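*Asks:* After the structure tokens below, expect a handful of questions from me.
The values are calculated or read from the model by the stated rules, or taken from the named source; none is laboratory data. Worth saying up front: this structure is predicted, and the values here are computed from it rather than measured. We place every Cβ from the backbone using ideal geometry, glycine too, and count neighbours over all the protein chains shown.
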Amino acid sequence: MTTLDPGPGTDRMARGIDLRRAPLAQVREHDLRAPDRDLWADEVALWDRLDFTWAGLDAAAWQLPGAAPSDAGGLDWSLVDHVAHVADWQEIAAGYTARALRTGAWPTDEEYDGGDFDRFNERRREAWGHPSRDAIMARLAASRADLLALARRLSPDEIRADACWDWLFLTLHGHYLDHLTIIEPWTADLHVRQTDGDPFVADPRALDHAEFVAQELAIAADFDALIRPIPAARWTGDEPTPGWTLRDHVAHLAHWAEEGVRVLAVHEHSGVWLADPAEGIDAWNERMVAGSRGSSRAETLARYDRTRADLLAAVARLSVEVLRSADGWGWAYDCLHGHLRKHLAMLGPWLVATDRRVKDA
């Protein structure tokens with residue numbers, strides 16, 4: 001999730017409108033081809049906006065169909081389809097931009113299934129298969145870097161010329177903008193669903209301990225990518241959700257992991273499953289978080305890491321049958337990666353925006 005340097009003289013508010021956060025309808029009213037626009041600042045801003053949309057969503061969310069119908073009569077598109085499509089066109093554009101730099105010739109519509117771009121895109125989609133979230137993100141970042149390197153060899157006037165504009169702008173930030181009209185509301189809905197605990201699969205229960213650990217490691221990697229890099233000042237300086245700082249969220253995850261360890265220990269020795277805290281979950285959460293508000297970032301992370309390891313060790317002692325039971329799965333999954341994915345969905349866009357602000361400082 002890195003931001004390419006937009007170059008000297010960049011106006012990070014993108015000439016009077018914050019392209020990262022202004023309503024899309026307002027952004028689309030602006031003529032991004034106008035001579036006073038900074039093409040590179042606009043590209044970075046809209047790239048950031050695109051990157052904000054999916055932050056915190058787990059891999060299963062990316063594969064869920066329903067983001068948009070196929071314009072060529074195929075199956076509904078998922079988030080991964082949309083992002084793969086953007087990456088694919090950046091790769092295509094890198095090829096024809098390199099050719100144009102050599103020859104001065106830009107493509108024609110007829111080169112792409114006779115100008116039937118819906119059919120062309122659907123045919124290309126079939127060739128992608130079902131890439132993973134991480135694979136397609138890597139491809140997107142690489143294709144963007146390649147295309148920008150070529151585009152920077154053209155002057156702003158050359159880019160704005162009729163022969164070039166549609167073929168270059170519409171595979172960079174113009175393309176981001178087009179797909180944001182679909183991706184933004186779709187991912188907003190996915191964030192709500194993931195926060196509410198939707199696993200995006202029919203049965204999220206692991207078949208055995210190895211699969212459980214693999215599931216946990218996948219979400220833990222998202223935690224490491226999104227949360228660990230945030231500097232200490234941001235752990236208490238902002239409230240990504242009302243009344244709670246980032247430290248509060250991570251401490252809360254540790255509290256529930258500790259509770260999960262306690263519950264599994266009681267079951268291991270007595271066969272009894274404990275109930276939720278008698279005072280009520282909301283009251284318990286607030287009391288526990290209030291008690292952790294003197295902790296530093298390092299202390300909070302150390303506690304999170306320790307309790308996560310303890311809970312994984314407790315889960316390893318369960319039989320597969322108990323792990324997959326309603327109570328066993330509820331305490332194991334919902335105190336470990338099931339819980340973490342809810343909070344990543346709550347925090348994701350804020351975490352990425354925070355990372356951008358740190359880099360822009």
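*Asks:* Do we have any residue at all in the stretch 29-43 that's farther than 15 Å from residue 172 by Cα and touching a residue at least 40 places away in the same chain (Cβ under 8 Å)?
*Replies:* Yes, some residue in the stretch 29-43 is farther than 15 Å from residue 172 by Cα and touching a residue at least 40 places away in the same chain (Cβ under 8 Å).
*Asks:* Within the stretch 225-251, restricting attention to residues that are of a type in the set (D, E, K, R) and under 12 Å from residue 351 (Cα atoms), which residue is surrounded by the fewest Cβ atoms within 10 Å (Cβ to Cβ)?
*Replies:* Once the filter is applied, the top-ranked residue is 228.
*Asks:* Considering the stretch 251-278 alone, what residues qualify as being of a type outside the set (A, V, I, L, M, F, W, C) and either at pLDDT 95 or above or in contact with a Cys (Cβ under 6 Å, 6 or more places away or on another chain) (or both)?
*Replies:* Selection gives 252, 255, 258, 259, 260, 262, 267, 268, 269, 270, 271.
*Asks:* Of the numbered conditions (1) in a helix (DSSP H, G or I); (2) surrounded by 11 or more Cβ atoms within 10 Å (Cβ to Cβ); (3) without any contact (Cβ under 8 Å) to a residue 24 or more places away in the chain, residue 282 satisfies every one except a single condition; which is it?
*Replies:* Residue 282 satisfies every listed condition except (2).
*Asks:* Something else about it: Of all helices (runs of 4 or more DSSP H) completely enclosed by the stretch 305-361, which ones contain at least 2 residues that are closer than 24 Å to residue 188 by Cα, modelled with pLDDT under 95 and out of contact with any helix residue (DSSP H, G or I) (no Cβ under 7 Å at 6 or more places or on another chain)?
*Replies:* 337-360
*Asks:* Still on this structure, I have one more. With the condition kept exactly as written, say whether any residue in the stretch 125-134 is at pLDDT below 95, part of a helix (DSSP H, G or I) and hydroxyl-bearing (Ser, Thr, Tyr).
*Replies:* no
*Asks:* Residue under question is residue 172, and the condition is that it be more than 30 Å from residue 111 (Cα to Cα) and either of a type outside the set (Asp, Glu) or in the same structural domain as residue 102 (by TED's automatic domain parsing) (or both); does it hold?
*Replies:* Considered against the rule, which asks whether it is more than 30 Å from residue 111 (Cα to Cα) and either of a type outside the set (Asp, Glu) or in the same structural domain as residue 102 (by TED's automatic domain parsing) (or both), residue 172 comes out as no.
*Asks:* Please state which one of 174, 197 is surrounded by fewer than 16 Cβ atoms within 10 Å (Cβ to Cβ) and in contact (Cβ under 8 Å) with a residue 24 or more places away in the chain.
*Replies:* 197
*Asks:* Return the residues of the stretch 198-257 that are over 21 Å from the mean Cα position of the chain (by Cα) and more than 24 Å from residue 310 (Cβ to Cβ); say none if nothing qualifies.
*Replies:* Correct list: 202, 203, 232, 233, 236, 237, 242, 243.
*Asks:* For the stretch 87-104, state whether one or more residues are surrounded by fewer than 17 Cβ atoms within 10 Å (Cβ to Cβ), among the hydroxyl-bearing types (Ser, Thr, Tyr) and farther than 22 Å from residue 177 by Cα.
*Replies:* yes
*Asks:* Moving on. Look through the stretch 230-251, keep the residues that are in a helix (DSSP H, G or I) and of a type outside the set (A, V, I, L, M, F, W, C), and return whichever of them is nearest to residue 220 (Cα to Cα).
*Replies:* It comes out as 249.
*Asks:* Let me ask something additional. Filtering the stretch 263-279 down to residues that are of a type in the set (Gly, Ala, Ser) and assigned to a loop (DSSP other than H, G, I, E, B), which residue is nearest to residue 308 (Cα to Cα)?
*Replies:* Ranking the candidates gives 275 first.
*Asks:* Which residues, counting only those in the stretch 57-81, are under 16 Å from residue 136 (Cα atoms) and out of contact with any strand residue (DSSP E or B) (no Cβ under 6 Å at 6 or more places or on another chain)?
*Replies:* Selection gives 57, 58, 59, 60, 61, 62, 80, 81.
*Asks:* Can I ask one more? Of the residues that make up the stretch 54-73, is at least one crowded, with 21+ Cβ neighbours inside 10 Å and of a type in the set (Phe, Trp, Tyr)?
*Replies:* yes
*Asks:* Answer yes or no as to whether residue 298 is within 29 Å of the chain's Cα centre (by Cα), modelled with pLDDT of 95 or more and either of a type outside the set (D, E, K, R) or not assigned by TED's automatic domain parsing to the domain that holds residue 352 (or both).
*Replies:* Against the criterion (within 29 Å of the chain's Cα centre (by Cα), modelled with pLDDT of 95 or more and either of a type outside the set (D, E, K, R) or not assigned by TED's automatic domain parsing to the domain that holds residue 352 (or both)), residue 298 qualifies.
*Asks:* If you don't mind, another one. Considering each of 155, 143, 132 in turn, give the residue that is touching a residue at least 24 places away in the same chain (Cβ under 8 Å) and either within 19 Å of residue 42 (Cα to Cα) or touching a Pro at 6+ places or on another chain (Cβ under 7 Å) (or both).
*Replies:* Among 155, 143, 132, only 143 is touching a residue at least 24 places away in the same chain (Cβ under 8 Å) and either within 19 Å of residue 42 (Cα to Cα) or touching a Pro at 6+ places or on another chain (Cβ under 7 Å) (or both).
*Asks:* Would you pick out the residues in the stretch 151-174 that are assigned to a helix (DSSP H, G or I) and over 27 Å from the mean Cα position of the chain (by Cα)?
*Replies:* Scanning the stretch 151-174 gives 156, 157, 158, 159, 160, 162, 163, 164, 165, 166, 167.
*Asks:* Can you confirm whether the stretch 252-262 contains a residue that is among the basic types (Lys, Arg), touching a Leu at 6+ places or on another chain (Cβ under 8 Å), outside any helix (DSSP H, G or I) and surrounded by fewer than 21 Cβ atoms within 10 Å (Cβ to Cβ)?
*Replies:* no
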